[in-house]
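Comments concern the structure below.
The values are calculated or read from the model by the stated rules, or taken from the named source; none is laboratory data. As the structure is a prediction and not an experimental result, all values here were calculated from the model. Using ideal geometry, Cβ is built from the backbone for each residue, glycine included, and neighbour counts are taken over all protein chains shown.
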């Protein structure tokens, strides 16, 4: 293991030393962001469909079980992008944009889930806990979905994340790594007492890294940003291999702008632009095929779920566009 860590470290540090990163380089360009988010949501959907239907058992499609890494990409892109919005707007406008983007469609989604599938908690319970982010606490989990409440928690905590990142923006990357590790340790320390869902707590380093990388790029410390990400990756290799792929995703985002060609760029970017709508649509179709559908064949179930997701997706996109005009 030690030999593997040093070998990986040597290779990555050579790459950083030989890289010619211009001061005006950025982590992820505004143009690339929808495409990356499109790829990420496709990976998440395949993970859900293959995993929840057990279609991977004894088959070669078990590779899709790593599709959860799309969530890691979403979290780091979200906090990185939120920094721009937070600096551009006052705090009321910042939260107004977040509410308008998320809640009108999300409440409709929760109503649909409740009246179609009748999950255990009451409708009021579901709406309050999901829309406040409280359902990331295991004892308050509503068995609907965990990602949106986690994003809401990120929104609520974001001023703390932003000002924390700004306070250490001129420190060495080792101080910044220490800060991220302390956040991770603190999260795991309080998790047993408040029963935070591991899907949320386990991603604290990824969530905070988006903010730290933003300030490193803002201060034209581009190579430091790459060294910071590389150091996180090496740390996971040495201490906890279960996070290796998550940190590798963070590193791959740095080199994405150099990757060509990009197949189906227009269509995948469209999917990325409305990734939240697609995620909610897929959640409903997965609910249906897990709880209601009489189909037993796993492959047919996955194919049917994809086909059902498509019309729901376009309905949700239409609802979002209408609500955006309504709440201007």
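Counting the residues of region 246-266 that are loosely packed, with under 14 Cβ neighbours inside 10 Å and touching a residue at least 12 places away in the same chain (Cβ under 8 Å) gives 0.
May I ask you to list the residues in region 174-215 that are over 19 Å from residue 246 (Cβ atoms) and at pLDDT 75 or above? Of everything in region 174-215, those that are over 19 Å from residue 246 (Cβ atoms) and at pLDDT 75 or above turn out to be 174, 175, 178, 215. All conditions but one from (1) surrounded by fewer than 18 Cβ atoms within 10 Å (Cβ to Cβ); (2) in contact (Cβ under 8 Å) with a residue 60 or more places away in the chain; (3) within 24 Å of residue 39 (Cβ to Cβ) apply to residue 277; the one that does not is (1). Within the option set 267, 289, being part of a helix (DSSP H, G or I) and at pLDDT below 80 holds for one residue only, 289.
Output the residues belonging to region 82-94 that are part of a helix (DSSP H, G or I) and surrounded by fewer than 16 Cβ atoms within 10 Å (Cβ to Cβ). Answer for region 82-94, where residues must be part of a helix (DSSP H, G or I) and surrounded by fewer than 16 Cβ atoms within 10 Å (Cβ to Cβ): 84, 85, 87, 88, 91, 92, 93. Scan region 292-309 residue by residue and report those that are out of contact with any helix residue (DSSP H, G or I) (no Cβ under 6 Å at 6 or more places or on another chain) and either free of Cβ contacts under 8 Å to residues at least 12 places away in the same chain or surrounded by fewer than 12 Cβ atoms within 10 Å (Cβ to Cβ) (or both). If the condition is that a residue be out of contact with any helix residue (DSSP H, G or I) (no Cβ under 6 Å at 6 or more places or on another chain) and either free of Cβ contacts under 8 Å to residues at least 12 places away in the same chain or surrounded by fewer than 12 Cβ atoms within 10 Å (Cβ to Cβ) (or both), then 292, 293, 294, 296, 297, 300, 303, 307 are the ones that fit.
Of the candidates 151, 116, 108, the single residue that is in a helix (DSSP H, G or I), surrounded by fewer than 15 Cβ atoms within 10 Å (Cβ to Cβ) and touching a residue at least 40 places away in the same chain (Cβ under 8 Å) is 116. Here residue 31 meets the list (1) at pLDDT 80 or above; (2) in a helix (DSSP H, G or I) almost entirely, failing just condition (2). If you filter region 216-264 down to residues that are farther than 30 Å from residue 310 by Cβ and outside any helix (DSSP H, G or I), you find that the one that is modelled with the lowest pLDDT is 240. Might you let me know whether region 63-71 holds any residue that is in a helix (DSSP H, G or I) and modelled with pLDDT of 85 or more? The answer is yes, given that some residue of region 63-71 is in a helix (DSSP H, G or I) and modelled with pLDDT of 85 or more.
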